[in-house]
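Everything below concerns the one structure shown next.
The values are calculated or read from the model by the stated rules, or taken from the named source; none is laboratory data. None of these values were measured; they are calculated from a predicted model. Cβ: placed from backbone, ideal geometry, glycine included. Neighbour counts: every protein chain shown. The protein model used for the area step is the full one, side chains on, heavy atoms only, and it has no ligands, DNA or RNA in it. Shrake-Rupley method; radii C 1.70, N 1.55, O 1.52, S 1.80 Å.
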Amino acid sequence: MEEVIKITWPIAANRVYIDNYFDLRAILKAYNRISEYMIMVLSQGGVQLYHAMNDTVLEEITGNGFPIPETPFYPANMEERSNAPHIDNMIKEYFNRVDKALVHVHNLNHLDCVVVCTEDNYTKLLEIADVPEVYIGHAAIDYNHTETHQLVKQTWPIVKELQRKKRQAAIEEVKEAVSQANVLTDLQEIYQAAIDGRGDLLIVYENFSQPVKNA
């Protein structure tokens with residue numbers, strides 16, 4: 001009897017490990033490198049929202065206002081069409097509705113968002129955003145390539161770069177803590193600090209290996 005369990009993220013290499021216990025090292029590393037986020041395709045012709053994990057779109061997010069239909073704000077006459085500030089205000093009013101819907105979804109799933117749109121639309125969105133920190137990046141839209149697998153090719157590098165910056169910031173934090181004698185390197189001391197609730201950040205070298213005995 002056998003059961004094959006497919007995980008949703010890649011691991012470094014295919015290996016066969018035969019034992020009475022699972023070899024979880026590669027899986028744990030891959031798990032800790034995953035990022036879930038939202039992709040919002042923004043235009044005045046309508047807005048779609050997707051749930052993504054790393055370089056894969058898992059599903060389209062529907063409900064709570066999404067997908068959002070095209071803007072209902074159009075200039076009523078030629079005079080309004082030639083009034084640039086008025087046109088901008090109408091666009092921002094539409095984006096304000098989009099932003100409120102997005103923030104509502106964010107409050108439910110706690111995921112940040114990469115926006116796929118024109119640079120001008122992204123600038124306008126940030127100007128009216130209630131919580132601009134929710135928007136973690138922007139990718140230029142190509143209206144000829146808006147399939148989900150094409151969208152995530154643009155957004156995943158943005159999220160991966162944010163991951164790299166967070167890891168670098170963590171390393172710098174540890175370097176600063178070393179000078180303040182706030183870093184533990186002995187395994188038993190680290191273990192005890194974690195039990196006592198004194199652990200804040202754990203950094204492990206990529207090739208670190210520690211044999212243990214199952215109790």
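Rundown of residues vs (1) among the polar types (S, T, N, Q); (2) more than 30 Å from residue 64 (Cβ to Cβ); (3) in contact with a Pro (Cβ under 6 Å, 6 or more places away or on another chain), yes/no style:
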residue	(1), (2), (3)
120	no, no, no
123	yes, no, no
167	no, yes, no
170	no, yes, no
177	no, yes, no
185	yes, yes, no
188	yes, yes, no
201	no, yes, no
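Considering (1) within 25 Å of residue 92 (Cα to Cα); (2) in contact with a Leu (Cβ under 8 Å, 6 or more places away or on another chain); (3) not β-branched (Val, Ile, Thr), say which one residue 173 fails and leave the rest.
Of everything listed in (1) within 25 Å of residue 92 (Cα to Cα); (2) in contact with a Leu (Cβ under 8 Å, 6 or more places away or on another chain); (3) not β-branched (Val, Ile, Thr), residue 173 misses just condition (1).
I'd like the residue in region 55-91 that is in contact with a Pro (Cβ under 8 Å, 6 or more places away or on another chain) and not acidic (Asp, Glu) and, out of all such residues, is modelled with the lowest pLDDT. It would help to see each step written out before you state the result.
First, pick out the residues of region 55-91 that are in contact with a Pro (Cβ under 8 Å, 6 or more places away or on another chain): 60, 81, 83, 86-87, 90.
From what's left, not acidic (Asp, Glu): 81, 83, 86-87, 90.
Working: 81: 71, 83: 76, 86: 77, 87: 84, 90: 92.
Filtering region 55-91 for residues that are in contact with a Pro (Cβ under 8 Å, 6 or more places away or on another chain) and not acidic (Asp, Glu), the one modelled with the lowest pLDDT comes out as 81.
Quick one: would you say residue 142 is under 30 Å from residue 46 (Cα atoms) and modelled with pLDDT of 95 or more? Spell out how you get there, then give the answer.
Values: under 30 Å from residue 46 (Cα atoms): yes; modelled with pLDDT of 95 or more: no.
No; evaluated as a whole, the condition is false for this residue.
Tally the residues that are more than 16 Å from residue 46 (Cα to Cα) and either open to solvent by 60 Å² or more (accessible area, probe 1.4 Å) or over 17 Å from the mean Cα position of the chain (by Cα) (or both), restricting the search to region 125-139. Write out each step before concluding.
Taking region 125-139 and keeping what is more than 16 Å from residue 46 (Cα to Cα), we get 126-139.
Now drop any that are not either open to solvent by 60 Å² or more (accessible area, probe 1.4 Å) or over 17 Å from the mean Cα position of the chain (by Cα) (or both), which leaves 126-130, 133.
Going through region 125-139 one residue at a time, the tally reaches 6.
Within region 42-92, how many residues turn out to be of a type in the set (Asp, Glu), assigned to a helix (DSSP H, G or I) and open to solvent by 80 Å² or more (accessible area, probe 1.4 Å)? So that I can check it myself, show each step before the final result.
Within region 42-92, the first condition is being of a type in the set (Asp, Glu), and the residues that meet it are 55, 59-60, 70, 79-80, 88.
Keeping just the survivors that are assigned to a helix (DSSP H, G or I) gives 79-80, 88.
Still in the running and open to solvent by 80 Å² or more (accessible area, probe 1.4 Å): 79.
The total comes to 1.
Give the residues of region 172-193 that are open to solvent by 70 Å² or more (accessible area, probe 1.4 Å) and either part of a helix (DSSP H, G or I) or in contact with a Ser or Thr (Cβ under 9 Å, 6 or more places away or on another chain) (or both), sorted by residue number. Can you show your working first?
First, pick out the residues of region 172-193 that are open to solvent by 70 Å² or more (accessible area, probe 1.4 Å): 172-173, 175-176, 178-182, 184-189, 191-192.
Across region 172-193, the qualifying residues are 172, 173, 175, 176, 178, 179, 187, 188, 189, 191, 192.
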